[in-house]
Amino acid sequence: MRRIATRLLAELKDEQAWQVRFESTTDEQCDRLAVKVRQEITEEAFETMVDRLTDEFAKSVGENVPLLSDYAINCEGIYEEHS
């Protein structure tokens, strides 16, 4: 029980430290970081990441996940009134 409490307190302390850092970040710093991230993530890297996440999601939910029909994801299906 003591190890769990110690771990939770450490997590809370870490979360508080990140909150302080986040709150002290200026808009200019956030903008520079966003530019840097956009430069680092190439289209190929993004596609690779999406493929990996898709595979991991498929593994976690199993093979029998119902898929949305084409109708469900097209504009007509999305904006249809459901009464």
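Observations, loosely collected:
- Two-site label geometry, residue 30 and residue 58: point separation in nm, points 7 Å out along Cα→Cβ: 3.6 nm
- Given their separation in residues at 0.36 nm each and the Cα-Cα distance between them, residue 65 and residue 38 gain 6.4 nm when the chain is fully extended.
- The equivalent ellipsoid that matches the C-alpha gyration tensor of the chain spans semi-axes of 36, 25, 18 angstrom, in descending order.
- Lys/Arg +1, Asp/Glu -1 at C-beta; the chain dipole; positive extreme among 12, 75, 50: 12
Any read-out appearing in this document is the output of simple, stated calculations on the displayed coordinates, not a laboratory observation. These numbers come from a predicted model, not from an experiment. In this analysis, Cβ positions are derived from the backbone assuming ideal geometry, glycine residues included, and neighbour counts consider all displayed protein chains.
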